[in-house]
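Student: One structure follows; several queries about it will come next.
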Amino acid sequence: AASGDILFLLNNDTIVDPDCIARAIAFFASHPDAGWLACQLRLMQHPDVLDGAGDVYTVAGFPRARGKYAPAAAFDEPATVFSSCGAGVFLRRAVLDDVGLFDETYTSYQEDVDWGFRANLRGHTCHYRPECRVLHRMSASTGVMSPYIAFHTSRNIHATWLKNMPLPLLLLTAPLHAAMTALQGVWYLRGGRFREFLRGKLAFLRRIPSILSARAEVQRGRRIGAMELARRMDWRWFRTLIIERMGIRPPQ
């Protein structure tokens, strides 16, 4: 329904810096080729700590927020990133029209990663701009590591990988994706959410036929080759293992 050339997607658990919108509009005006803009998300409870400085997508098929729980000052330089968290992101309307809307089959969680993946496949680029700051009260609506989050994340992370990864990279990354999934299971077991983890995997398996149908459409519309996509991904998958799977927690 929005009519503007620049759209601002914002969670209901956020507070926006007073200059954020003006700075984003100025950036798009001076960078006509920029597809979308990742804000600097900071934890509302700890404003000097990052919730994320844009997203990376690892070669193992698992996304990761750049700089999560790091000092915000350490990520004070602009960068080209794979994608952005949907809690605070500016989209050029023409890019949204080209890529399409969020995949509603996701319901919640990872739908922003999926959209960013599809945008990359269409040749668009995401820019992280640290001057566009948003405070985010992480998981305010659903609860930190709630059963709801565990189920949807467990289900949707594989849908994004299967639907969007070009076949050569799908085959190349499959062993790492399987290994990370096993480690994810250990992490969910430690967190008391293993049942939701398994429910998510079973739900993904049931959805494979519809995901493959969506995959055919996505791959037909791809404008960049597998090598270009590989350059845009993060090959430091072990870093994701350490950061996301070994129990690093937000500040108390």
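Student: Per residue, what volume in Å³ does the Cα convex hull of the stretch 1-143 take up? Could the numbers behind the result be given before it?
Tutor: Working: hull volume 17.0 nm³, N = 143.
Spelled out: Cα convex hull of the stretch 1-143, divided by residues, is 119 Å³.
Student: For Arg155, what charge total do you get from the other residues with a beta carbon under 10 Å from its beta carbon, if Lys and Arg give +1 and Asp and Glu give -1? Don't skip to the answer; put the middle values down first.
Tutor: Details: positive: Arg199, Lys201, Arg206, Arg207; negative: Glu196.
That sum, taken over residues with Cβ under 10 Å, equals +3.
Student: Then there's this: Could you size up the charge dipole of the chain around its Cα centre, putting +1 on the beta carbon of Lys and Arg and -1 on that of Asp and Glu, and report it in debye to the nearest 20?
Tutor: In total the dipole reaches around 1000 debye.
Student: Compare Ala216, Ala174, Ala150 in a GNM of the chain, Cα atoms joined below 10 Å, and give the one with the largest fluctuation.
Tutor: Among Ala216, Ala174, Ala150, the largest GNM mean-square fluctuation belongs to Ala216.
Student: Hey, what's the chain come to in accessible area per residue, 1.4 Å probe, Å²?
Tutor: 47
Student: Just how large is the dipole of the stretch 1-98 about the Cα centre, in debye to the nearest 20, putting +1 at every Lys and Arg Cβ and -1 at every Asp and Glu Cβ?
Tutor: 180
Student: Also, quick follow-up: What is the antiparallel percent of DSSP beta bridges lying wholly in the stretch 37-182, to the nearest 5?
Tutor: On the way: 12 of 19 bridges.
Within the stretch 37-182, antiparallel bridges account for around 65 percent of the total.
Student: In the chain, which helices (entire DSSP H runs) extend 27 Å or more along their own long axis, judged by Cα positions, while averaging at least -1.0 on the Kyte-Doolittle scale?
Tutor: 167-190, 194-220
Student: Could I ask something else about it? Pick from Asp19, Asp51, Asp234 the residue whose mean-square fluctuation is largest in a GNM of the chain, springs joining Cα atoms under 10 Å.
Tutor: Result: Asp19 has the largest fluctuation of those listed.
Student: Continuing with the same structure: If one computes the Cα centroid of the stretch 23-86 and of the stretch 215-232, what distance in Å separates the two points?
Tutor: Centre-to-centre (Cα) distance: 23 Å.
Student: Multiply the residue separation of Ala73 and Ala226 by 0.36 nm, subtract the distance between their alpha-carbon atoms, and state the gained length in nm to one decimal.
Tutor: So the chain would gain 51.7 nm between Ala73 and Ala226.
Student: Can you pull the accessible area of Arg207 for me, 1.4 Å probe, Å² to the nearest 10?
Tutor: Ignoring ligands and nucleic acids, Arg207 comes out at about 50 Å².
Student: How long are the semi-axes of the equivalent ellipsoid of the chain, defined as square roots of 5 times the Cα gyration tensor eigenvalues? Whole Å, largest first. Can you show the working numbers first?
Tutor: On the way: eigenvalues 139, 107, 56 Å².
Ellipsoid semi-axes (Å, largest first): 26, 23, 17.
Student: So what's the gap between the Cα centers of the stretch 90-123 and the stretch 151-199, to the nearest angstrom?
Tutor: A separation of 20 Å, based on Cα centres.
Student: Let me ask something else about it. Let me know the volume per residue of the alpha-carbon convex hull for the stretch 168-226, in Å³. Show your work: numbers first, answer last.
Tutor: Values: hull volume 5.6 nm³, N = 59.
Looking at the stretch 168-226, the number lands at 94 Å³ per residue.
Student: DSSP beta bridges in the chain, what fraction antiparallel, as a percent rounded to 5?
Tutor: Around 70 percent of the beta bridges assigned by DSSP in the chain are antiparallel ones.
The values are calculated or read from the model by the stated rules, or taken from the named source; none is laboratory data. Bear in mind that the values here come from a model prediction, so they are computed numbers and not experimental data. Backbone-built Cβ (ideal geometry, glycine too); neighbour counts: all protein chains shown. For accessibility, only protein heavy atoms count, side chains too; no ligands or nucleic acids. Shrake-Rupley method; radii C 1.70, N 1.55, O 1.52, S 1.80 Å.
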